[in-house]
Amino acid sequence: MNRLLAFLLLTASLAAAQSLNRERTLTLPPNVTAASTAIARAGNYLAARCSDQQIRVWKLGSGDAAPQAFTLDNDPIAQIAISSDGTLLAAGARSGAVRVWEVASGKVRLNVVAANSPTRRRSAEVVAISPDNRLVAIGPIDSPVEVWDLAEQKKIATLRPQFGGVNALAFSPDNRWIATADGSTEVRVYDARTAGLRSTTADLLLEPFAVQFTPDGKWLLAGGADKEVSLIDPATGKIARKLEKAADPVIALVIAPDGNRAVVAYVNEKSFALPAPFAVWDLSKSSVITKLPQPDDVANGGEFLADGRLLMTSSVKNELRVWSLR
């Protein structure tokens, strides 16, 4: 399932939804589409994982492309992530290679192979950058999560779920903790530097696909195949409450900087290739603010910016479309 996370992130209606406004259209080379995007919460950069195995970056203010595209030497790219402030870009490859660059200069800050084995390399399907830009977490398929220190250029922790690898990762706002949505149907919270286990949530019925801390770190949201979003106390692993069950599984979560709103994206239960709606929730009231229907073109990324806007992206051949919702 985690191979599908980037492509299906925030599956939603874009062109058909009246409450979404197209902000700009970015040009891609002929016959190139964007499989997924990563948007800096600061609102300064947008990165796109493209079908020609290049990662293209634009300045959101001007729409200008960065001086260079980023690649993993033609190694098929599985996942990308951008830091909240837009200064770092990370990419994981099908071979297990992971590279982190400085966006402005193109300088490589980390170049490693995760879950390296003489007999098998495992695809780096999940990548996350800590809010302070000091740590990078890598989730190789069916393997323990690795945490790397960028300054020291070394692996400092290995997070070991019982089996199944992870579907999603999230750092806490204070950089101390990291949450994992495990293939074993559990959600775990670890010390990001020591790998000490803080809590385990074992009350989910089915596999979780998304986790995200609230900006104050008080709650951890998790959702997945059980079609619900659970609000978890990260200190104890106990579920405090759940949002209303939906018709489809939850595939991604994005929480606004004020902690009051969350976008919950769903994946069509009948076929992962089909679109599904997304919903904007009021977390304090556990109620839906708005739902947007199925798409004319399918969203491939999204993020709440620091100013409270929700940006979303979609791609057709030769172009990447940027949409906003206040």
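Summary table below
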{"quantity": "Selection within the stretch 146-183 - among the charged types (D, E, K, R) and out of contact with any Ser or Thr (no Cβ under 8 Å at 6 or more places or on another chain)", "calculated": "149, 152, 154, 155, 160, 174, 176, 182"}
{"quantity": "Top-ranked residue of the stretch 258-281 - restricted to ones that are loosely packed, with under 14 Cβ neighbours inside 10 Å and either under 18 Å from residue 226 (Cβ atoms) or of a type outside the set (A, V, I, L, M, F, W, C) (or both), ranked as modelled with the highest pLDDT", "calculated": "258"}
{"quantity": "Condition met for residue 38 (assigned to a strand (DSSP E or B), of a type outside the set (Val, Ile, Thr) and at pLDDT 95 or above)", "calculated": "yes"}
{"quantity": "Of all residues making up the stretch 99-125, the number that are in contact with a Gly (Cβ under 8 Å, 6 or more places away or on another chain) and modelled with pLDDT of 95 or more", "calculated": "1"}
{"quantity": "Qualifying positions in the stretch 215-241 - assigned to a loop (DSSP other than H, G, I, E, B) and either closer than 16 Å to residue 202 by Cβ or among the aliphatic types (A, V, I, L, M) (or both)", "calculated": "225, 226, 228, 233, 234, 235, 236, 237, 238"}
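Results for (1) part of a strand (DSSP E or B); (2) within 14 Å of residue 221 (Cβ to Cβ); (3) not small (Gly, Ala, Ser), shown as yes or no for each residue.
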position	(1), (2), (3)
168	yes, yes, no
175	no, no, yes
178	yes, no, yes
184	no, no, no
189	yes, yes, yes
195	no, no, no
198	yes, no, yes
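Each row is one residue, and each column tells you yes or no for (1) in a loop (DSSP other than H, G, I, E, B); (2) surrounded by fewer than 22 Cβ atoms within 10 Å (Cβ to Cβ).
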site	(1), (2)
31	yes, yes
61	yes, yes
85	yes, yes
98	no, no
105	yes, yes
109	no, yes
112	no, yes
126	no, no
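Residues are listed down the side, and each one gets a yes or a no for (1) over 20 Å from the mean Cα position of the chain (by Cα); (2) within 30 Å of residue 67 (Cα to Cα):
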| site | (1), (2) |
| --- | --- |
| 114 | no, yes |
| 122 | no, no |
| 138 | no, yes |
| 152 | yes, yes |
| 159 | no, no |
| 168 | no, no |
| 172 | no, no |
| 180 | no, no |
| 183 | no, no |
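The values are calculated or read from the model by the stated rules, or taken from the named source; none is laboratory data. As the structure is a prediction and not an experimental result, all values here were calculated from the model. As a convention, Cβ positions derive from the backbone with ideal geometry for all residues, glycine included, and neighbour counts pool all protein chains shown.
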